[in-house]
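**Q** First the structure, then my questions, so here it is.
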Amino acid sequence: MTLPRLLCLLLAALLGLGGCAAGSGAGTAAGASRELATLSDQTPAQKRAQIRLQLAIGYFQQHQLAVALDEVKLALQADPGYADAYGVRALIYMEMDETRLADDNFLRAIELAPNNPDLSNNYGWFLCQSGRAAQAMPYFEAAIASRNYQSPGKALNNAGACSLKQGQEPAAERYFLRAFRSDPQDSATGINLAKLYFARGDYQHAQFYLSRVMKMEAADAVPVDVLWLAVKIEHKLGNRAAEAALGTQMRRLYADSPAYAAYQRGAFDE
């Protein structure tokens, strides 16, 4: 898995970082179950742990993985029951291809915070990427079903991608459409639906979803694979003017790419 994708998962895992007292292993005052934990409920140790974890995230974003791991270690020394810290360490180990260590840390995080939908979603994605797609689905479903999940579209998208890995295209389509209804502005959902419909030969639907993505992206920021898919869709629909315009855009942005070379060869079915 690439670092950009991992960082997307990381940000999802940390959506609730500001209220980490609830996810910590530290005890709460008597009667605290009657109200939600807030920042004022954090102990000094928990606050130190949160600062250390934020530093770990920064180092991870800079791909300084060893330093990031050290910061996570310090976070856990301050607060051994800090579920988010285990979740972040799992993501770092994923980037390092340390599968067993990633698995152990995800499981520990989920043990500490079994109702955290971000951890469930991330562990599901890890399982899917590790060749255990069938085992991943219950974790996606747990995340999707959580009332506390602020971004269910992420889990729906991941569940769709994992369904495709299992050859379950109808299930993937249902997940992707639910993700689109949850967040119509999410580019990943539009791209997934466009790819699915293009593979099926439903070029009108593929165009509908990909054109939304193209409108949301800056012209110079459209990834080469998305631009190439847009070219192929317009070619299949016989829209030669649109195809040529997109081809010109490919030449301007990605003249040295394999995709542009395929376009020049007219290899629209490769």
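The values are calculated or read from the model by the stated rules, or taken from the named source; none is laboratory data. Model, not experiment: these values are computed from the prediction. Don't worry about glycine lacking a Cβ; one is built from the backbone with ideal geometry, like all the others, and counts go over all protein chains shown.
**Q** Output the residues belonging to region 212-248 that are under 30 Å from the mean Cα position of the chain (by Cα) and more than 20 Å from G190 (Cα to Cα).
**A** Once the filter is applied, which keeps residues that are under 30 Å from the mean Cα position of the chain (by Cα) and more than 20 Å from G190 (Cα to Cα), region 212-248 yields only G247.
Yes/no per residue for (1) at pLDDT 95 or above; (2) of a type in the set (A, V, I, L, M, F, W, C); (3) surrounded by fewer than 14 Cβ atoms within 10 Å (Cβ to Cβ):
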site	(1), (2), (3)
L11	no, yes, no
G19	no, no, no
L36	no, yes, yes
K47	no, no, no
V72	yes, yes, no
L76	yes, yes, no
P80	yes, no, no
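**Q** Still on this structure, I have one more. Within region 217-259, track down each residue that is without any contact (Cβ under 8 Å) to a residue 12 or more places away in the chain, surrounded by 15 or more Cβ atoms within 10 Å (Cβ to Cβ) and in a helix (DSSP H, G or I).
**A** A242
**Q** Could you tell me which of the residues L193, L210, L164 is more than 27 Å from R252 (Cα to Cα), touching a helix residue (DSSP H, G or I) at 6+ places or on another chain (Cβ under 7 Å) and at pLDDT 95 or above?
**A** L164
**Q** Just give me the residues in region 144-162 being in a helix (DSSP H, G or I) and closer than 20 Å to N192 by Cα, in sequence order.
**A** I144, P152, G153, K154, A155, L156, N157, N158, A159, G160, A161, C162
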